[in-house]
Amino acid sequence: MSGTSAALKPPADAVAPVRHPDAPAPGELLGAHYEQCFGCGSEQAHGLHLAARAGDGVTVTAEFTVREAHQGAPGLAHGGVLASALDETLGSLNWLLRTIAVTGRLETEFVRPVPVGTLLYLEAEVTAVARRKIYSTATGRIGGPDGPVAVRAEALFIEVKVEHFIDNGRPEEIQAAMSDPDQVRRARAFEVNP
């Protein structure tokens with residue numbers, strides 16, 4: 001991306017990311033971290049229903065199809081929806097680090113329009129880690145991995161404790177997520193950016 005801000009450049013003491021030994025295997029579908037999530041939740045009628053898969057190293061791929069509910073200009077995806085898709089994909093990277101993190105900064109470059117009905121194929125990777133800061137990039141292509149680039153993003157995620165969600169979320173939804181009898185779903189509800 002041209003014109004990337006200094007806040008998205010890793011410091012000199014940043015290190016290469018390390019995939020956690022318990023991270024999902026390459027090719028594994030990550031699934032929704034929370035069913036009400038606009039980005040990946042299946043219970044959001046107008047959500048993206050983004051499906052992310054673990055890749056090699058600290059990478060993920062994801063796909064979503066732009067629907068009528070996602071348009072801004074007639075027949076074209078809303079830029080905010082495309083930014084949400086990038087943010088969701090970038091947030092999924094934290095599952096490979098087994099780190100709870102939230103979006104601190106997201107810079108998006110819109111390269112070309114994305115028509116309604118288009119499959120957007122996204123690729124993301126963590127590029128560096130510096131203490132609580134996680135630096136990452138993503139690209140969205142029209143139609144598949146070899147399609148033309150439509151959007152790009154660079155992001156900074158900040159590692160947080162689960163209390164971040166408990167202290168800032170709506171109490172009834174936090175309680176519902178924490179009361180889920182499925183231990184895996186309960187933990188995953190708090191794994192990625194809000």
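For ASP22, the accessible area of its heavy atoms, probed at 1.4 Å with every protein chain present, is near 100 square angstrom. Solvent-accessible area per residue in the range 3-155 equals 45 Å², computed with a 1.4 angstrom probe and all protein chains kept.
Using the Karplus relation 6.51 cos²θ - 1.76 cosθ + 1.60 with θ = phi - 60°, the per-residue 3J(HN,Hα) values for the range 76-84 come to 10, 4, 5, x, x, 5, 5, 5, 4 Hz, with x marking Gly and Pro.
With a 1.4 Å probe and all protein chains kept in place, how much accessible area does LYS133 have, in Å² rounded to the nearest 10? Surface open to solvent at LYS133 totals about 90 Å². Taking Lys and Arg as +1 and Asp and Glu as -1, the other residues whose beta-carbon sits under 12 Å from that of VAL151 total -2. Residue order by solvent-accessible surface for GLU125, GLU154 is GLU125, GLU154, largest first, with ligands and nucleic acids left out and a 1.4 Å probe. Phi angles of the range 131-136 translate, via the Karplus equation with coefficients 6.51, -1.76, 1.60 and θ = phi - 60°, into HN-Hα couplings of 6, 8, 9, 10, 9, 8 Hz per residue; Gly and Pro are given as x.
When N counts the residues of the range 9-114, how does its alpha-carbon radius of gyration compare numerically with 2.2 N^0.38 Å, as a ratio? Display every interim value, and only then the final one.
Values: Rg = 15.0 Å, N = 106, 2.2 N^0.38 = 12.9 Å.
Dividing the Cα radius of gyration by 2.2 N^0.38 Å gives 1.16.
If you take all other residues with their beta carbon under 14 Å from the beta carbon of THR108, and give Lys and Arg +1 and Asp and Glu -1, the sum is -2. Per-residue surface analysis assigns SER84 an accessible area of about 40 Å², computed on protein heavy atoms at 1.4 Å probe radius. Couplings for the range 147-160, taken from phi via the Karplus curve 6.51 cos²θ - 1.76 cosθ + 1.60 with θ = phi - 60°, read x, x, 5, 10, 9, 9, 8, 10, 9, 10, 10, 10, 5, 10 Hz in order; Gly and Pro are left as x.
The values are calculated or read from the model by the stated rules, or taken from the named source; none is laboratory data. What you see is a predicted model, and the numbers here were worked out from it, not measured in a lab. With ideal geometry, Cβ positions are generated from the backbone for all residues, glycine too; neighbour counts draw on all protein chains shown. The accessibility values were calculated without ligands, DNA or RNA, using every heavy atom of the protein model including side chains. Shrake-Rupley method; radii C 1.70, N 1.55, O 1.52, S 1.80 Å.
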